[in-house]
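A.B. asks: If you scroll down you'll find the structure; I have some questions about it.
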Amino acid sequence: PAGDEPAVEVEYDLEVERADQQNADAGSAPWKLDPLFVAQVFVSLQMSPGGIEGDYPIAMDDLEMTQNDGVRAIVLVHDEDAPISRVFVERVVRQDDTGIWTVVGYDPRS
């Protein structure tokens, strides 16, 4: 579906996200502040569920932010080998520039 809702919703734990937000506020896990990086890690873990060693299986160049209103964003995945075509990320803890991004859903590649 090309709409604004993901085909598959991803469950997340708000307590874990709050802890991640505190970590980001303290300067660790700064990648969680970048919606493209959050999408890259998510897709990479789908492709390498055992963990990522060395380079990510999905390149940052293969990701494109198609929407971002500051609270919700949609990242398009251009790599045909990836099992995911779009990643939906949202700032679920804090909706400003200091808020971390959380994957809330995705579209499988058909």
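A.B. asks: Taking all protein chains together and a probe of 1.4 Å, list TYR106, TYR56 from the most accessible to the least accessible.
C.D. replies: On the way: TYR106 50, TYR56 85 Å².
Descending accessible area places them as TYR56, TYR106.
A.B. asks: Ok, one more. Show that you can apply the helix-only estimate: for the chain, add -39,500 (n - 2.57) for every DSSP H stretch of four or more residues, divide by all residues, and state [θ] at 222 nm to the nearest 500. Can you show the working numbers first?
C.D. replies: On the way: 2 runs with 25 residues, N = 110.
One gets -7000 deg cm²/dmol as the mean residue ellipticity at 222 nm.
A.B. asks: Among ILE100, PHE37, VAL75, which residue has its Cα furthest toward the positive end of the charge dipole of the stretch 34-102, with +1 on Lys/Arg Cβ and -1 on Asp/Glu Cβ?
C.D. replies: Toward the positive end, the furthest listed residue is ILE100.
A.B. asks: While we're looking at this one, here's another question. How much solvent-accessible surface does MET47 expose, in Å² to the nearest 10, with a 1.4 Å probe and all protein chains in place?
C.D. replies: Around 60 Å² of this residue is reachable by solvent.
A.B. asks: So what's the projected area for the stretch 1-64, the Cα convex hull averaged over all directions, in nm²?
C.D. replies: 5.7
A.B. asks: With bins 5 Å wide starting at 0, give me the P(r) of the chain over every alpha carbon pair, in whole percents.
C.D. replies: Using 5 Å bins, I get a P(r) of 2, 13, 23, 25, 21, 12, 4, 0 for the chain.
A.B. asks: Could you state the angle between the C-alpha long axis of helix 35-47 and the longest principal axis of the C-alpha atoms of the chain, as a value from 0 to 90 degrees rounded to the nearest 10?
C.D. replies: That works out to roughly 50 degrees.
A.B. asks: Work out the length of the dipole vector of the chain about its Cα centre, built from +1 on the beta-carbon of each Lys and Arg and -1 on the beta-carbon of each Asp and Glu, and round it to the nearest 20 debye.
C.D. replies: Here the size comes out at about 160 debye.
A.B. asks: Compute the longest continuous run of the chain that contains no exposed GluC sites (Glu not before Pro); treat a site as exposed when its DSSP state is not H, G, I, E or B and it has at most 12 other Cβ atoms within 10 Å.
C.D. replies: 12-52
A.B. asks: Could you give the length gained on full extension between ALA59 and HIS78, defined as 0.36 nm per residue of separation minus the Cα-Cα distance, in nm?
C.D. replies: 5.9 nm
A.B. asks: What is the helix-to-structure angle for 14-25, meaning the angle in degrees between its Cα long axis and the longest Cα principal axis of the chain, kept from 0 to 90 and rounded to the nearest 10?
C.D. replies: 70
A.B. asks: To continue, here is another question. Over the chain, with a Gaussian network built from C-alpha contacts below 10 Å, which listed residue (VAL93, VAL16, VAL75) shows the highest mean-square fluctuation?
C.D. replies: Per the Cα network of the chain with a 10 Å cutoff, VAL16 tops the list.
The values are calculated or read from the model by the stated rules, or taken from the named source; none is laboratory data. Please read these numbers as outputs of a predicted model, since none were measured by experiment. As a convention, Cβ positions derive from the backbone with ideal geometry for all residues, glycine included, and neighbour counts pool all protein chains shown. Quick note on the areas: whole protein, heavy atoms, side chains included, nothing else; ligands and nucleic acids left out. Shrake-Rupley method; radii C 1.70, N 1.55, O 1.52, S 1.80 Å.
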